[in-house]
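Let me begin by presenting the structure, written as structure tokens, before commenting on it.
Coordinate-derived values only; no laboratory data. On a predicted model such as this, the values are computed, not experimentally measured, just so you know. All Cβ positions, glycine included, derive from the backbone under ideal geometry; neighbour counts span all protein chains shown.
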There are 2 protein chains.
Amino acid sequence: MIRSKIILFGDSITEDSFQFGGWGASLAQHFCRTADVVLRGYSGYNTRWALKVLDRVFPTSPAGDGGNETAPMAVIVFFGANDACLPDRCSAFQHVPLHEYKQNLNSIVSFFKKKWPTTLVILITPPPIDDDARLRYPYVPNPQGLPERTNEAAGEYARACIAVAGECGIPVIDLWTRMQQFTSDWKTTLLSDGLHLTHDGNHVVYEEVIGKLRNEGLSVEALPDDLPLITDIDPNDPLKAFM
Amino acid sequence: MIRSKIILFGDSITEDSFQFGGWGASLAQHFCRTADVVLRGYSGYNTRWALKVLDRVFPTSPAGDGGNETAPMAVIVFFGANDACLPDRCSAFQHVPLHEYKQNLNSIVSFFKKKWPTTLVILITPPPIDDDARLRYPYVPNPQGLPERTNEAAGEYARACIAVAGECGIPVIDLWTRMQQFTSDWKTTLLSDGLHLTHDGNHVVYEEVIGKLRNEGLSVEALPDDLPLITDIDPNDPLKAFM
């Protein structure tokens, strides 16, 4: 049995996605008998750095990492929250200018499309930002006392991400808009520190991802089960199911 | 970057291990930058059925599923809860006699040892059973009104599992004993329906597994990180880390 794979490629919101109630873990459970969910999350990374390491994360080698030999059924690309750090604030070293972000995202998609032509590539925009919360939960010293990320900037990167998806002809999850429309309390219900996701925030991402996969024909129901389910095993002749 | 893999091979307690707070998801988060956790859980399966499907779950193919081409760093084998169903009760079709359970488990370990000589194989015994709860949460019609699993029988299978580990010279997690010693409230604190695990029960398994891996030198600290951590990136010259 060679299982399908879903690769999650992104920053800390991806790296943390197997935490309690995380969207990656929920995906893995959802596809537990149909596909493997492969975690490639790199906390703090922007698209510039992601592009630098693409060949190492997804090597082409005859000796085979297999995860790469066989085309995955989907790759979820989820970068932008770090690119959108403001260039004149305390996390400036992670900032990537908007036009370069678009180019980089385009290059990442092209890499996957060239490597695995049949694989579904889905983009996710950066989430919205709670500017005030970013002051309460600093990741690095912040002598300026100004938020290193703002919702306004995140929105620009989200729109750029959507534009890239349009250019590439691939699906995109507009998480920036979706979360702000989800509830008026999105800043506290969906975000834990103004950037990262709560359980509810993770659930929104999970629901959006399985919805988008389903739209493309990649639902649990449409995929073959890995071996007979217990409900398909005849209690009077269990071994029949394994012949 | 070819990541190490940890394969989880077992029944429903494994298949469900990426649920909210599950032990598989916790392992995946723990090893998020060092190893992939690969889920091979088959709800309802006993060792007899597991043995029948071993070649299909772990195929040897030059075309490569890679998960199998490269030897994983560890395989966690967690069967016995279904084998231990009583032969004269409502889940008898899942029952496997004690001596056959031992033989089957031995054969499963031999399969991995032959396929991947350097891979660490760890056995986990079945968990303890809350006999009364098994009556309150039936999985199949139970006209007899008697529990289909008992803690006494689970204990016999646990001891058999430990004996197999001894014969094979591999580590074993005595979950049956560990859980009963963990708290006097183990029936409600660690089990959700007399068999499956609560969040706390999942946490016990997670802690036992990382402890056992650590004993064998397979800790996060001992394994190489997949690409530079954000803390290793120089804010004044970020790209240096990627040369």
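Here are the numbers for the structure shown:
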| quantity | calculated |
| --- | --- |
| Fewest-first sequence of A:VAL205, B:VAL204 by Cβ atoms within 10 Å of each Cβ | B:VAL204, A:VAL205 |
| Relative frequency of Cα-Cα separations exceeding 14 Å in the range B:64-133, percent | 67 |
| Relative pair counts by distance (%), Cα atoms of chain B, 10 Å bins | 7, 31, 34, 17, 7, 3, 1, 0 |
| Relative contact order for the range B:167-211, counting Cα pairs under 8 Å that sit 6 or more residues apart, in percent | 29 |
| For chain B, calculated [θ]222 nm from helices alone, where every DSSP H run of n ≥ 4 adds -39500 (n - 2.57) | -11500 deg cm²/dmol |
| Footprinting exposure proxy for A:GLU148, A:GLU221 (fewest neighbouring C-beta atoms within 10 Å first) | A:GLU221, A:GLU148 |
| Distance between modelled label sites at A:GLU216 and B:VAL140, nm, 7 Å Cα→Cβ extension | 4.0 |
| Relative contact order, percent, the range A:45-174 [alpha-carbon distance under 8 Å, six or more residues apart] | 29 |
| Sorted by Cβ neighbour density within 10 Å, fewest at the top, the residues A:CYS32, B:CYS90 | B:CYS90, A:CYS32 |
| Distribution of pairwise C-alpha distances over the range B:44-165, 5 Å bins, in % | 2, 11, 20, 21, 15, 12, 9, 6, 3, 1, 0 |
| Three-way shape label, the range B:164-243, alpha-carbon gyration tensor, a/c 1.5 | oblate |
| Under Karplus coefficients 6.51, -1.76 and 1.60, residue-wise ³J(HN,Hα) of the range A:229-243 in Hz, glycine/proline x | 6, 4, 6, 9, 9, 6, x, 7, 7, x, 5, 3, 5, 10, 6 |
| Semi-axis lengths, Å, the protein assembly as shown, gyration tensor of Cα atoms, sqrt of 5 times eigenvalues | 42, 24, 21 |
| Alpha-carbon centroids, the range A:137-160 and the range B:133-157: separation in whole Å | 56 |
| Nearest-0.05 FRET efficiency for A:VAL57 and A:GLU100, computed from C-beta distance (R0 22 Å) | 0.65 |
| Relative contact order (percent, whole number), chain B, Cα cutoff 8 Å, 6+ residue spacing | 20 |
| Greater than 18 Å apart at Cα, pairs in A:LYS187/A:LYS212; A:LYS52/A:LYS115; A:LYS5/A:LYS240; B:LYS114/B:LYS212; A:LYS102/B:LYS240; A:LYS5/A:LYS212 | A:LYS187/A:LYS212; A:LYS5/A:LYS240; B:LYS114/B:LYS212; A:LYS102/B:LYS240 |
